[in-house]
Amino acid sequence: MASFYRDTWAEVNLNAIATNVTNIKAILPENVEMMAVVKANGYGHGAVDVAKTALASGATFLGVAILDEAIALRDAGITAPLLVLGYVRPEYVKIAAEKDIILTVFQPDWIEEASAYIENKDMKVKYHLKLDSGMGRIGIRSADEGKALIRTIKKYPAFIVHGLFTHYATADEIDQTYFNMQHDRFEKMVQLLEEELGESVRYKHSANSAATLRFAERCFNLVRVGISMYGLSPSEEIKDILPVSLVEAFSLHSRITQVKKMSEGERISYGATYGTKDQEWIATIPVGYADGWIRAHGTGSILVNGKRRPIVGRICMDQLMISLDEEVEIGTKVTLIGKQGKDHITISEAAKRLNTITYEIPCTISSRVPRVMKQNDEVVHVYNKTL
Ligand SMILES: *Cc1c(COP(=O)(O)O)cnc(C)c1O
């Protein structure tokens, strides 16, 4: 059986991931470890393959958003330290302990409730305390809240504090004022909490990709790198001031299923909004909004034989049409994201078209699109959720 039968697929260049991890690691002080953030199926690239590649290239820690993602990595045989960055219900501490998954904690009530699920004195739950230094999302917001949480923690030796962390809201902006404020708040809170705990905590971390790349000397002893490991700049604003050149790992391709010569004024797609010119070549491509190629991409182009050709008419659920400047063969490979010849449609270009950030583009290419993992130009694994 083939690993997929459709003519639309994404390719993930694992060499690019390895290069990015190696190059980012190289700018970090020696005592700073790197967590590869592989939430959301590795930002749409394929979490297991990305995690293995990152670990083989110098990362020592993994981060995900939800418990399910952590369990999937453990079930795939990955044994590296693994932190769930988001909230996990207290009743799930047993599975976290069994699978050696580290949780994020920021509420005294959570500890109280979770303690009811501790079954014996050998059961240990590792966690990182989350501080909200200005993101306004999750975390302890004041010294008093921190002290209250630590008082509760001290009652339950089953819970092992393994890290303290926070998250920046503006590290990808040129203006550093808010970033500096968050950094200083976090630094003070770390000091206070360690005094309160009466011990030094193993990991302290605050940096996402943007902070890692820009402020490597202010990253405590662990960085959490997501977007840049995939070869993308955290923002357009800091794209040109990054200290390492990043290699984009993700590309998206399809193959033409029909080519026809149309006469003047014939109509294309739902709503019959596009009228053809005389003798216009129109090709159909089997990718649509159910694949994450949403209707707003309709203003964009697709590479055919190294040339940009415009999408015409509305994008359908499973198909779209483009205008050609000449007849091409059925089965011709087209590229929606990536390189063909000298041209490159980048994720950044696709993001600008949709008025959004690079993060959203690979994440929203749906699981109906198989991910073909390549290393040294050879296919090493295919990930297909549909079959
Ligand atoms: C997603 C996430 C990261 C990674 O951020 P990037 O900008 O992709 O590097 C780091 N920390 C937390 C808490 C996150 O949720």
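Computed from the coordinates by the stated procedures, all read-outs in this text should not be read as laboratory data. Values in this document were obtained by computation on a predicted structure and should not be read as measured data. Virtual Cβ from ideal backbone geometry, glycine too; neighbours counted across all protein chains shown.
Counting other Cβ atoms within 10 Å of each Cβ, which GluC sites (Glu not before Pro) in segment 193-226 have at most 12 and sit in a DSSP loop?
Glu199
Given charges of +1 on the Cβ of Lys and Arg and -1 on the Cβ of Asp and Glu, with all other atoms neutral, how large is the dipole of the chain about its Cα centre, in debye to the nearest 20?
360 debye
Hey, what do the phi angles of segment 232-248 turn into as Karplus ³J(HN,Hα) couplings, whole Hz, using 6.51/-1.76/1.60 and θ = phi - 60°, x for Gly and Pro?
Per residue, the Karplus-derived 3J(HN,Hα) values read 10, 6, x, 7, 5, 4, 9, 3, 8, 10, 6, x, 10, 8, 9, 10, 5 Hz.
Between Met135 and Asp109, what's the calculated FRET efficiency when r is the beta-carbon distance and R0 is 25 Å? Round to 0.05. Before the final figure, lay out the partial values.
Numbers: r = 21 Å, r/R0 = 0.85.
About 0.75, to the nearest 0.05.
If you put +1 on each Lys and Arg Cβ and -1 on each Asp and Glu Cβ, how big is the dipole of segment 299-385 around its Cα centre, in Debye rounded to 20?
Computed charge dipole of segment 299-385: roughly 280 debye.
Along Cα→Cβ, 7 Å out, is where each label goes; now give me the distance between the ones at Lys94 and His381 in nm to one decimal.
Taking the two extended label points, one gets 3.0 nm.
Sequence-distant or interchain residues sharing an amide H contact under 5 Å with Val37, placed H: which?
Gly63, Val225, Gly226
Under the rule a/c < 1.5 gives rounded, and otherwise a/b versus b/c splits prolate from oblate, where does segment 1-124 land using the Cα gyration tensor?
oblate
What full-extension length gain, to one decimal in nm, is calculated for Lys154 and Met317 as 0.36 nm per residue of separation minus the Cα-Cα distance?
Full-extension gain reported as 53.2 nm.
Taking H placed 1.01 Å from N in the peptide plane, check which residues at least 5 places from Phe159 or on another chain put their amide H under 5 Å from its amide H.
Under 5 Å from the amide H of Phe159 lie the amide H atoms of Val125, each far enough along the sequence or on another chain.
What lysines could a cross-link reach from Lys261, if we take a straight Cα to Cα line under 25 Å and drop same-chain neighbours fewer than 8 places away?
Within reach: Lys277, Lys307, Lys333.
Within straight cross-link reach of Lys130, meaning Cα distance under 20 Å, which lysines are found once same-chain residues fewer than 8 apart are removed?
Within reach: Lys39, Lys147, Lys154, Lys155, Lys188, Lys204.
Report ³J(HN,Hα) in whole Hz for each residue of segment 323-328, in order, from the Karplus equation J = 6.51 cos²θ - 1.76 cosθ + 1.60 where θ = phi - 60°; Gly and Pro get x.
9, 10, 9, 6, 6, 10
Please list, in chain and number order, the residues 5+ apart from Ser133 or on another chain whose amide H is under 5 Å from its amide H, with Hs placed from the backbone.
Amide H neighbours of Ser133: His167.
Per residue of segment 153-158, what does 6.51 cos²θ - 1.76 cosθ + 1.60 with θ = phi - 60° give for ³J(HN,Hα)? Whole Hz please, x for Gly and Pro, Karplus curve as stated.
4, 5, 6, 10, x, 5
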